[in-house]
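Structure first, then comments.
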Amino acid sequence: MGTTATPQHRAGTQVAATGLTLFAGVMLFISGVLDVFRGIMAIAEDDVYVSTPNYLFKFDLTSWGWINLAFGAIAVIVSFGLFTAKTWARVMGVGIAALLLIANFLSIPYYPVWSLTLIALYAFIIWALCVVRRDPLGD
């Protein structure tokens, strides 16, 4: 009979993987909540956003608000799955972070410094979720 060898990971690798997943979950939660607030501000037609008349990807401010509100709410929900280290949450976390990265890229003219900050944060979240090879806590 043949035996199959299962790869043994060092404890330090599992701790690092758990730490990166939890850190990405916390960052996704915080940025998701901030995107929800950003969406509410845009839907309420507050004077926080600057009007840009000659912008190639022009959307109504209310449209941006609903986009940010929906994606932010999904990010918050996915972050709870990341706290339990579920594979579906890592996959969804990468997907929603990528969509939010694109949405923030498209909203640079409205709020440039905050959009660039969130782009960097979402890029780090994607990296942190992709570098983990397997679920450290299991499904």
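Since every read-out is calculated from the coordinates, none of them should be taken as a lab result. For clarity, every value in this text was computed on a predicted model and none was experimentally measured.
Starting at the first residue of the stretch 118-130, write each ³J(HN,Hα) from the Karplus equation 6.51 cos²θ - 1.76 cosθ + 1.60 with θ = phi - 60°, in whole Hz, x for Gly and Pro.
With coefficients 6.51, -1.76 and 1.60, one gets 5, 4, 5, 5, 5, 5, 5, 4, 4, 4, 5, 7, 7 Hz.
How large is ³J(HN,Hα), in whole Hz, for each residue of the stretch 99-108 in order, when computed from phi with the Karplus curve 6.51 cos²θ - 1.76 cosθ + 1.60 and θ = phi - 60°, using x for Gly and Pro?
5, 5, 4, 5, 4, 6, 5, 6, 9, 4
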